[in-house]
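Below: the structure, in structure tokens.
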Amino acid sequence: MKMNPKIDGTGVAIVTPFHNYGSIDFGSLEKLLIHIIEGGVDFIVSLGTTSEAPTLTADEQDAVMEMVKETVAGRIPVVMGLGGNSTRSIVSKLKKTNFEGVDAILSVAPYYNKPNQKGLYQHFKAIAASCPVPIILYNVPGRTSSNISAETTIQLAHEFDNISAIKEASGDMSQIMKILRNKPEGFKVFSGDDMLTYPMMTLGADGVISVIANAYAYEFSQMVRHLKAGEYDQALQLHYSLLPITDQLFADGNPGGIKAALDIMGILKNNLRLPMVKVNKQVNLALNKLIADYKNPLS
């Protein structure tokens with residue numbers, strides 16, 4: 001099984017908007033999706049880290065996915081976050097999930113129980129055996145305390161046809177280059193760090209699963225398109241123009257930063273679910289100024 005060729009370039013890990021009283025704000029979710037699609041992004045990732053998925057009930061997760069599929073309506077691919085630290089539970093969920101309108105899953109490395117490389121391999125082997133759509137591995141050691149090594153990634157990529165890509169958010173450029181050098185043909189590597197998208201793509205990565213593109217969908221996907229065309233000077237201008245905003249988005253936690261930015265831009269309300277809270281006053285003030293002053297250097 002190969003990855004849908006349209007799952008390439010700029011993906012967006014969408015947030016989940018909430019009302020002031022805590023329920024999901026589906027009207028703002030639709031508004032966000034339209035903003036992102038009209039910005040020219042290539043695919044949507046729902047129920048990832050940025051969506052606050054661990055705070056959503058199973059019914060809420062299903063409702064979010066249905067809303068995403070209905071709003072996207074086949075215009076661009078949709079990737080569903082489906083991972084965890086219990087292999088048996090994930091396999092059970094895979095068997096019960098309706099994958100109509102879902103082009104791939106994003107499956108995070110197990111967190112908290114901290115498996116070794118053999119455990120990680122067996123975990124994703126079991127998922128591959130049960131998953132009817134392509135799988136994007138998600139390596140984010142800063143959140144999971146579990147790093148999928150380059151060797152394990154490459155082994156999984158070679159042995160299982162439906163393990164089709166990785167979102168690499170380790171920040172370890174040596175590890176990333178080993179994957180890029182030794183991966184099988186057709187296996188895609190996506191940056192999991194907005195700040196590292198430019199260097200990773202110059203080294204051969206296929207794109208990004210982005211946070212900042214929730215807000216700056218046009219500008220960030222424009223940068224990625226320039227990179228894919230080998231137009232590095234134009235891409236670098238966009239990279240550096242967005243860098244101060246990207247820095248503040250993560251200064252006091254994700255998705256607190258991106259939700260503050262989206263509130264400033266009038267797209268949704270800055271509401272989160274515990275244990276996530278709003279960014280501090282200093283970061284909010286910095287984002288207000290940066291967003292007000294931002295100008296696309298290529299416009």
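Here are a few things to note about the model shown:
- Its residue count N fixes a reference of 2.2 N^0.38 Å for the stretch 9-236, and the Cα radius of gyration divided by that reference is 0.97.
- Cα pair distances exceeding 21 angstrom across the stretch 167-299, given as percent: 44 percent
- Extending 7 Å from the Cα toward the beta-carbon at both Arg88 and Glu231 defines two label points whose distance is 5.4 nm.
- When you filter the trypsin sites (Lys or Arg not before Pro) in the stretch 3-93 for DSSP loop state and at most 11 other Cβ atoms inside 10 Å of their Cβ, you are left with Lys6, Arg75.
- Mean residue ellipticity at 222 nm, helices only, the chain: -13500 deg cm²/dmol; runs of at least 4 DSSP H residues each add -39,500 (n - 2.57), and the sum is divided by the number of residues.
- Here is the list for the stretch 79-185: GluC sites (Glu not before Pro) lying in DSSP coil, each with at most 13 other C-beta atoms within 10 angstrom of its C-beta, are Glu100, Glu185.
- Of all DSSP bridge pairs formed entirely within the chain, close to 5 percent run antiparallel.
- Packing-based ranking, highest mean first, of 117-129, 196-208, 272-284 given that Cβ atoms within 10 Å are counted: 196-208, 117-129, 272-284
- Global size of the stretch 71-150: 13.1, 40 Å for Rg and Dmax (C-alpha atoms, Rg to one decimal, Dmax whole).
- At most 16 other Cβ within 10 Å, DSSP loop - chymotrypsin sites (Phe, Trp or Tyr not before Pro), the stretch 1-91: Tyr21
- Paramagnetic reach from Asn116 in the stretch 152-193 [backbone N under 17 Å; point 7 Å along Cα→Cβ]: 152-153
Rule-based calculations on the coordinates, nothing more; no lab input. Keep in mind the model is a prediction, meaning the values are calculated, not measured. Here Cβ is always computed from backbone atoms with ideal geometry, including for glycine, and neighbour counts include all displayed protein chains.
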